1. Please go through region A:229-287 and write out the chymotrypsin sites (Phe, Trp or Tyr not before Pro) that DSSP classes as loop and that have at most 12 other C-beta atoms within 10 Å.
2. Helix A:114-124 against the longest principal axis of chain A: what's the angle in degrees, Cα atoms only, rounded to the nearest 10?
3. Considering the dipole of the protein assembly as shown built from charges on the beta carbon (Lys and Arg +1, Asp and Glu -1) around the Cα centre, which of B:Ala37, A:Val566, A:Ile48 is farthest to its positive end?
4. Rounded to whole Å, give me the distance from the Cα center of region A:331-405 to that of region B:17-39.
5. Near A:Lys146, which lysines are there with a Cα under 24 Å away, not counting those fewer than 8 places off in the same chain?
6. Based on the Cβ-Cβ distance of B:Arg11 and A:Ile586, what FRET efficiency does E = 1/(1 + (r/R0)^6) give at R0 = 60 Å, to the nearest 0.05?
7. Ranking request for peptides A:30-43, A:661-674: highest mean number of other beta-carbon atoms within 10 Å first, then the rest in descending order.
8. Tell me what chain A gives for mean residue ellipticity at 222 nm when only DSSP H runs of n ≥ 4 count, each as -39,500 (n - 2.57), the sum divided by the residue total, rounded to 500 deg cm²/dmol.
Amino acid sequence: MHNKILSIFIWIVVALLGAAALGGIALNRGEPINALWFITAALCVYAIAYRFYAAWITSKVLLIDPTRATPAERLNNGHDFMPTNRWIVFGHHFAAIAGPGPLVGPTLAAQFGYLPGTLWILIGAVLGGCVQDMVTLFFSTRRNGKSLGQMARDELGAVGGVAALVATLLIMIILIAVLGLVVVNAMKHSPWATSTVTATIPIAMLVGLYMRNIRPGRVLEGSLLGVILLLLAVAGGGWVDHQPGLRDLFDHPGLPLAWAVIAYGFAAAILPVWLLLAPRDYLSTYMKLGTVILLAIAIVWMQPHVKMPAFTQFVDGTGPIFGGKLFPFVFITIACGAISGFHALIASGTTPKLLSNERDIRMIGYGGMALESFVAIMAMIAATVLDPGVFFAINSPAGVVGKEAADAVAKISSWGFPVTVEQMSLLAQQMGESTLFARTGGAPSLAVGMASIFGSAFGQGMLSMWYHFAIMFEAIFILTTLDAGTRVGRFMLQDMLGNIWPRMGETSWYPSVLLSSGLIVAAWGYFLYIGVIDPNGGINILWPLFGISNQILAAIALCVATGILVKSDKLKHAWITALPLAWLVIITSAAVWEKLISPDVRIGFLSAAHSLADKLAAGTLPPEKASVAPTLIFNLQLDAALALFFAALLWIIVLDMLRICIRHLSNKPVPPLSEAPHHVTQLEEAWQRD
Amino acid sequence: MAKRLKIWLRRCWQVARQLSGDDAYERYLAHHTACHADTAPLSRKEFFQRDQQQKWNSIKRCC
């Protein structure tokens, strides 16, 4: 009885604290606000949602059954199916879902001010993203760990299955292109960053050789060696930066760097995994977890002030980083930090095979995404603690604010965000860079934000080291995503081509490997190339496309979940997935619509293509722009077609899901539920709970 | 006190090994002895090679 009263009291305190923190953030105008309020609001929101909403879903809607044997127990093969301690599964799951998306998205969305992005990261996660991850994990667990594509095919029919497959392949291509662009923009004319990122390749290979031949399977030893070498590489990059001869070797504009990334991607896709991909992944996982923890400690310790206003004037769609109004583009831009369709691919297929008990689904599915959303909040803090003028100077492309520093600062100051050339030169000098202007993409401004937080927490003298550490940290796991994504794309393509010519489906037949890897790399390489030559920085085009494709994948996962809920006669509760699904359909359709018909050349693909074609015909373009104009025009039309295709894919699967639901409700035959039969667990006594 | 600390440190070490996959071979051996004792297990090197190859044949990393 006493415990119950105490518990009610504690939750009332958490609710009041959360409400106060959120209210403080939301109603504050014009004054710098302590970042600790963001952390407090986020933690309270997650805690309440986890304790009440997630618990209600698992006990009343999904009907979690702790006595039911999980696939890990029934199909235990000591390898991929294996009952595992829930904290270990949580670690694996979080390491798999946490990527560069939640770091880049909030940084870009900060152009609207801190409030819209922060609110969506919190609301979108607890009502949408966490629910999606958790129900997908649950349904896949009940289906022997089937993948999202298989579940879509079994539960909705062939249309759903094909849509899921195509969406996954396309999102992968756009994702890799945009992440490649982020890395290229971070390395552009930066010998320090370029040499450090280059050094990560031989370091990963060395670790790969160590773990395969010198000390087979000693993952921790190999990783420790790699992490030490990576830190040395960051310091070594600083040394390279001061050697006149060596410096020039790593000082390149965007285009050659893009070609290098493309060549690297192809090499990584055809090299054996143990040599590059696997060791790089170990290193990036440690770097990622370590840096996220360090950032959390530094923010709590330093309590930096957020200087960005709650809203900027760019909510009207005139933002310099990407064009488009607050609705729907803040949702499309944040993407992964609130709802990420990609997580459904991990939550189905990989994680369910490790669960020892269904009880763990809430912590791993819902809790894992809540932590990911928390990473997005920290990225938002790191972006908004910068002076807004500095933030816009780093992130605005030259095509918008002008190539010359004086023009750029004049333009940015005229928006009401004062910044000076001296301020920017001093900052660049502190960070060990020649310039920080027009480094669109999120990575450099996040690195400056992180460096200033780390610097004030752990010593100002090391600012340039912190900056390049942050760049290396982002680059290493962007490159891991690039390797892994190219490889998965290759398998999917081989699988598809295998239907036409069986030989192509043999994943180890070298001609097939070369051809399919080449096709995938060419596909994302094309978008990367266009992004680099685009005068508006490329991010303006690619990030919204990526956001749209990611949100459409999430919509597919939510369609599968809603379909299963209705078929399981849980219509009354189907809103838990149907509501976020409806919202995703609204925002993605609105975004595609804007991208197609907007007369603003920075938003509408087609109007941009027309405007460029008119200028080309009138001969008003300078020669260097005129030479690439036909390629840009073609690409804009291609982007428009792609956006339209994404929207069509979404509507096909939504209507297909509705058709199945209506058929079920009117007692017509539908594909049967593919849930595996119930077996009583034998593990409970044997399995030590902690 | 020292004993407690030792137990605690050992636990941390085990968690680190399990999270990183450092103990994957030992877990494989345990499973092999329990379920397939009639066949010879893979060597550490063979197991690790097979494990990595299989791990990267599906989607393991997100955006």
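A short reminder: the numbers here are calculations on the coordinates, not readings from a lab. A quick note: this is a predicted structure, and the numbers were derived from the prediction, not measured. Please note: Cβ atoms are built from the backbone with ideal geometry, for glycine as well, and neighbour counts cover all protein chains shown.
1. Within region A:229-287, no chymotrypsin sites (Phe, Trp or Tyr not before Pro) qualify (loop, at most 12 other Cβ atoms within 10 Å).
2. That works out to roughly 20 degrees.
3. Value: B:Ala37.
4. Here the two parts' Cα centres lie 35 Å apart.
5. In chain and number order, the partners are A:Lys60, A:Lys353, A:Lys567, A:Lys570, B:Lys55, B:Lys60.
6. The formula returns an efficiency of 0.80 here.
7. A:30-43, A:661-674
8. Calculated at 222 nm, the ellipticity per residue is -23000 deg cm²/dmol.
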